[in-house]
Structures are given as C-alpha cells and as structure tokens.
Amino acid sequence: MTKILLPESEIPTRWYNIASDMPNRPQPVLHPGTGEPVGPDDLAPLFPMELILQEVSTDPEVAIPDEVLDIYRLWRPTPLYRAERLERAIGTKSRIFYKYEGVSPPGSHKPNTAVAQAHYNKAEGRSRLSTETGAGQWGSALAFACKLVGLECKVYMVKVSYEQKPFRRSLMHLWGSEVVASPSGETEAGRKVLAEHPDSPGSLGIAISEAVEDAASRDDTAYSLGSVLNHVLLHQTVIGQEAFKQMELAGAFPDTVIGCVGGGSNFAGLAFPFLREKMAGKEIDVLACEPAACPTLTRGPFAYDFGDTVGLTPLVPMHTLGHDFVPAPIHSGGLRYHGVAPLISQLVLDGMIRAEAYLQRDVFTSAVEFAGAEGIVPAPESAHAIHGAIGVARQADEAGVEKTILFNLSGHGHFDMAAYDNFIAGNLEDVALDEAEIESALKAIEGLPQPA
Ligand SMILES: Cc1ncc(COP(=O)(O)O)c(C=O)c1O
C-alpha cells in the first residue's frame, strides 16, 4: 500500500492535550512587568477567552467545534504515505512513512489551528485579526481561515521572506488580507528596529512585536499566533491522531517519530499522540529537527524569555537563543525563531524528545532526493524532517537493524522555487553559528527570572 487514506468520518472530533499526561507540566508564563504568573484577564485584550482557557487546560481532550470540523473536511483526513520509492533510492532496509499536510488549500499544516482560532474569535465578537508570518505559510493559512470564517486580517511578514516569496504575499491578498513587510513603519516596535537597523532582514520575533502592538491598540482586533502556544499545538494534534490510525491500517508502529521545529507546532501535532504512548511506557524515539543557523533546542539554554523581540509578550519558559537574536536569512523562513514551544522545551528537558540541527545544503540535498523519488516538492522547513528520517534510516542500516520511521511532511514547496533554483545553481550557503555569537545573543536574557 502506497497511500493510506481515512474516510471523512474518521476526522478526529477531539484535540489531544498533552499537558494532562506530562510528568512535569510547563512552568507558568510570567507577566513582563510584574514577573508574576499571568492570569486570564492579562491575556483577554489579545485572545478570545476560549483560547485562553485551552492555553491553561489540563483536560485530556478538547472537543472540536462543528464549524471547525466542517472546514477541516475540505482537506482532512490527510494522506499517510509509505515512502517505498525513497527507501529504494537510499537503499535502506527500514520502512519510512510520512504524513502529508501539504494537501490543505494554503499548502501546510497551519490551517489546522488557523481555522480554529478564526472560529473562536468570530464567536466571541472580534472582527479583525493581526499576525506575523515568516515564510508566508502561516500568514496565508490565517488569510484563508479569516476569509472562510468572515474576519479581516493583517499580516506582518518578515522582510526577507516578503522579498523572497512574492507569491505567498499574492495568496494572502487573494484571500483578502492586508500584508506589510516587517519591520514596518506602521508600529512603534517596527520603527524602533528600523531606527537601529535600517537594513534589518526582519525576524519572527520582530514581526510578533508588531502584530501584538497592532492587536493591543484596537478593540476590534485580536492577535493570532501560528505556533509556540499550548492551544496552537493542541489544535495540530489532529495530525498525529489520524497518523496513529493510518499506521494501524498499515500494520505498523513507528520506532522513530520525526518533525521539523520552528516554534514546534507541526512537530507537536504529529508527535504528541505518540508521546502519549511513550509516557505510558512504550519505547519510541522522538526526534526534533532544526536548522544549524537557528539551533534553539540543541544549543539554546532552557530559560525564561520573551516571545517577541521588543518584549511585549509574557515571559515564557523555553529553550531560547535570546529574544533579539536575528537568525541568518536561510531559506527555511518558518524555522527562523529564537524560541520553541514551552510544552516541547519541557519534554526535551525531561528526556522525552531529542533534537538535531542540520546545515541547509544537506537539507536541500535530502529534499531533492525526496522529490526525485516521491514526486512531492517539500517546503524547505519540512525538508529538515526528511533529512532527519534519511539519517535515522542510514544509521539503522549501519547498525544492521530495520526500523519503522514516521515523519511529518508539513507542507509543499511550490512557493519556494527560488530557493531550489539557488540550491541547484550552487548558490546556497551553509550557516552555522559559532559559540561567541550564541553567547552574545544570550546577553538579552541576563537579569530575567530563572525557571525553577
Ligand atoms: C511548512 C512548514 N513547516 C514547518 C514550519 C515551522 O513551524 P512549526 O514549528 O510551528 O510547525 C513552518 C512555519 O512557517 C512551515 O511553513
């Protein structure tokens, strides 16, 4: 069997909340002014109450509203593939499976939460959302969701991606959203960065500052984040729940589960339902893949830090490279973030998840190998998971064992062809950080509260 498909009736009707099963729950998020744990009232200007309650929920499951399921039906359940052609191409004895989230209308896993967020905001009376986007995948997912649900949307798009990916911008326009390059002159946060660094390529941290400021300054507007927060990771768990059933249909169970990590949402979406089994005693290797240019999990300390560059968000306990770290403009725009979700950071700390960091030319080599075998052109972000999966298969062959490997192919790369052109022409550069750069970036968190 190449494609393992589920009928529409098998779309999960509940999201899985990993907080209910974790040996150590994440430490509280702190108010940036007082250093005290934030309460629902602190977050109410930015988020609808239902999402705030999901953020702090310890219930094992949350019911998915019918209106959200109705939109999920446009592309869910997504297919699970057995990558037999890739297995043959790399000559492995292991079995490789991938869950393909690129079949959604915007082309990635991001609408799984965008639709839910748009729904709750509409239900609680907001008429407009503001957000940031890196590669444009999240921005186009929220633009799509807002269009279908009936909300206005403004997207602050990291400048380097705004310039590299004009067609993702077009997609957002087509779905009716306003898009500006970040840092922009439209917010105080953007003007502050531009005054110090007029040529700033932008970063997710800067774009978040702008979008948060936009939402905080208008009553009709809420802020929407595409990753990192507990409720975002919760919404993505439809991926892993479907994959779990599809692996059963294939008569297989993964030894290794793999995803790429920017803020952590697609990784969590696939991995959390499998981590539930791991926490119940099953042996599963869970691997998070990140770029060497932004090695948050592999080289960043676990610390309290701001989610944005300017320091408008609460302090979050997470692996971080420091909130004013601006990653080099690698082609995986969606992985250029200084922090990682607190839920994932805590599970890395507790030894439930391991992480690896890869150079971008190695990642593109694996992406082209995959496209040549399986046909699908992967998003550069997702290609980190492909590279991880090929690495695990090769290590298994060297050790003389056969593994079952499952990875998340979080999106397609149809809007990333300029990056592939650059790679094929030999114009892509590897970017790895030296220790001095990391030490210097971490000065930004000196003096902030320390996790217990
Ligand atoms: C296709 C794709 N995969 C992965 C990511 C990384 O985000 P996250 O770690 O939240 O899944 C992005 C972010 O834009 C993306 O577009």
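The values are calculated or read from the model by the stated rules, or taken from the named source; none is laboratory data. Keep in mind it's a predicted model, so treat the numbers as computed, not measured. Heads up, the Cβs are rebuilt from the backbone with ideal geometry, glycines too, and the neighbour counts pull from every protein chain shown. Surface areas here come from the heavy atoms of the whole protein model, side chains and all, with no ligands, DNA or RNA. Shrake-Rupley method; radii C 1.70, N 1.55, O 1.52, S 1.80 Å.
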**Message:** Here's a check for you: in region 412-452, which residue that is among the aliphatic types (A, V, I, L, M) and exposed (fewer than 11 other Cβ atoms within 10 Å of the Cβ) is nearest to PRO79 (Cα to Cα)?
**Reply:** ALA425
**Fill in**
Exactly one of SER161, SER130, SER108, SER94 is hydroxyl-bearing (Ser, Thr, Tyr) and surrounded by fewer than 24 Cβ atoms within 10 Å (Cβ to Cβ), and that residue is SER94
**Message:** Among the residues of region 313-342, what is the count of those that are within 12 Å of the ligand (Cβ to nearest atom), farther than 19 Å from LEU43 by Cα and not β-branched (Val, Ile, Thr)?
**Reply:** 8
**Item:** Condition met for PHE267 (within 16 Å of the ligand (Cβ to nearest atom), in contact (Cβ under 8 Å) with a residue 12 or more places away in the chain and aromatic (Phe, Trp, Tyr))
**Value:** yes
**Request:** Please go through region 248-257 and pick out each residue that is hydrophobic (A, V, I, L, M, F, W, C) and either touching a helix residue (DSSP H, G or I) at 6+ places or on another chain (Cβ under 8 Å) or within 13 Å of the ligand (Cβ to nearest atom) (or both).
**Result:** PHE253, VAL257
**Complete:** Restricted to region 407-416 and to residues being over 26 Å from PHE244 (Cβ atoms) and modelled with pLDDT of 95 or more, the residue farthest from the ligand (Cβ to nearest atom) is HIS414
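Can you tell me which residues in region 189-213 are crowded, with 24+ Cβ neighbours inside 10 Å and among the acidic types (Asp, Glu)?
GLU210
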**Contacts under 6 angstrom Cβ, first residue in region 319-338 being within 12 Å of GLY263 (Cβ to Cβ), partner of a type in the set (Asp, Glu) and within 12 Å of the ligand (Cβ to nearest atom), 6 or more apart** = GLY334/GLU381; LEU335/GLU381
**Request:** From CYS260, CYS289, grab the single residue that is hydrophobic (A, V, I, L, M, F, W, C), out of contact with any Gly (no Cβ under 7 Å at 6 or more places or on another chain) and within 14 Å of the ligand (Cβ to nearest atom).
**Result:** CYS260
**Asked** Looking at region 1-14, is at least one residue in contact with a strand residue (DSSP E or B) (Cβ under 7 Å, 6 or more places away or on another chain), buried (at least 18 other Cβ atoms within 10 Å of the Cβ) and either within 19 Å of LEU233 (Cβ to Cβ) or of a type in the set (Phe, Trp, Tyr) (or both)?
**Response** no
**Item:** Test: GLU186 is open to solvent by 50 Å² or more (accessible area, probe 1.4 Å), more than 16 Å from the ligand (Cβ to nearest atom) and touching a strand residue (DSSP E or B) at 6+ places or on another chain (Cβ under 7 Å)
**Value:** yes
**Item:** Failed item, numbered, when GLU124 is tested on (1) within 14 Å of the ligand (Cβ to nearest atom); (2) of a type in the set (Asp, Glu); (3) surrounded by fewer than 24 Cβ atoms within 10 Å (Cβ to Cβ)
**Value:** (1)
**Residues (open to solvent by 10 Å² or more (accessible area, probe 1.4 Å) and out of contact with any His (no Cβ under 8 Å at 6 or more places or on another chain)) located in region 375-392** = GLY375, GLU381, HIS387, GLY391
**Request:** Name, by its number, the condition in (1) open to solvent by less than 10 Å² (accessible area, probe 1.4 Å); (2) in contact with an Asp or Glu (Cβ under 8 Å, 6 or more places away or on another chain) that does not hold for ARG276.
**Result:** (1)
**Message:** If I filter region 393-411 down to residues being open to solvent by less than 60 Å² (accessible area, probe 1.4 Å) and aliphatic (A, V, I, L, M), which single residue comes out as farthest from the chain's Cα centre (by Cα)?
**Reply:** ALA396
**Message:** Being within 12 Å of the ligand (Cβ to nearest atom) and within 27 Å of SER184 (Cα to Cα) is the filter here; which residues of region 110-121 pass it?
**Reply:** LYS110, PRO111, THR113, ALA114
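If I filter region 217-242 down to residues being of a type in the set (A, V, I, L, M) and more than 22 Å from PRO380 (Cα to Cα), which single residue comes out as farthest from the ligand (Cβ to nearest atom)?
Start the filter on region 217-242 by keeping residues that are of a type in the set (A, V, I, L, M), which leaves 222, 225, 228-229, 232-234, 238-239.
Applying the additional criterion that residues be more than 22 Å from PRO380 (Cα to Cα) yields 222, 229, 234, 238.
Working: ALA222: 19, LEU229: 10, LEU234: 13, VAL238: 14 Å.
The extreme case among them is ALA222.
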**Message:** Return the pair list, or none, for Cβ contacts closer than 8 Å from residues in region 129-148 that are more than 10 Å from the ligand (Cβ to nearest atom) to residues that are basic (Lys, Arg), at least 6 apart or on different chains.
**Reply:** LEU129/LYS154; SER130/LYS154; THR131/LYS154; LEU142/LYS110
**Message:** Checking THR256 against (1) out of contact with any Phe, Trp or Tyr (no Cβ under 7 Å at 6 or more places or on another chain); (2) farther than 24 Å from VAL316 by Cβ; (3) open to solvent by 10 Å² or more (accessible area, probe 1.4 Å), only one condition comes out false. Which one?
**Reply:** (3)
**Message:** Which condition from (1) part of a loop (DSSP other than H, G, I, E, B); (2) within 12 Å of the ligand (Cβ to nearest atom); (3) hydrophobic (A, V, I, L, M, F, W, C) is the one that MET352 breaks?
**Reply:** (2)
**Message:** Give me the strands (runs of 3 or more DSSP E) completely within region 274-323, filtered to those with at least 2 residues that are under 17 Å from the mean Cα position of the chain (by Cα), ordered by residue number.
**Reply:** 285-291, 315-319
**Asked** Could you give every pair whose Cβ atoms fall below 6 Å, whose first residue belongs to region 169-190 and is on the phi > 0 side of the Ramachandran plot, and whose second residue is surrounded by fewer than 20 Cβ atoms within 10 Å (Cβ to Cβ) and among the basic types (Lys, Arg), counting only separations of at least 6 or pairs across chains?
**Response** GLY176/LYS147
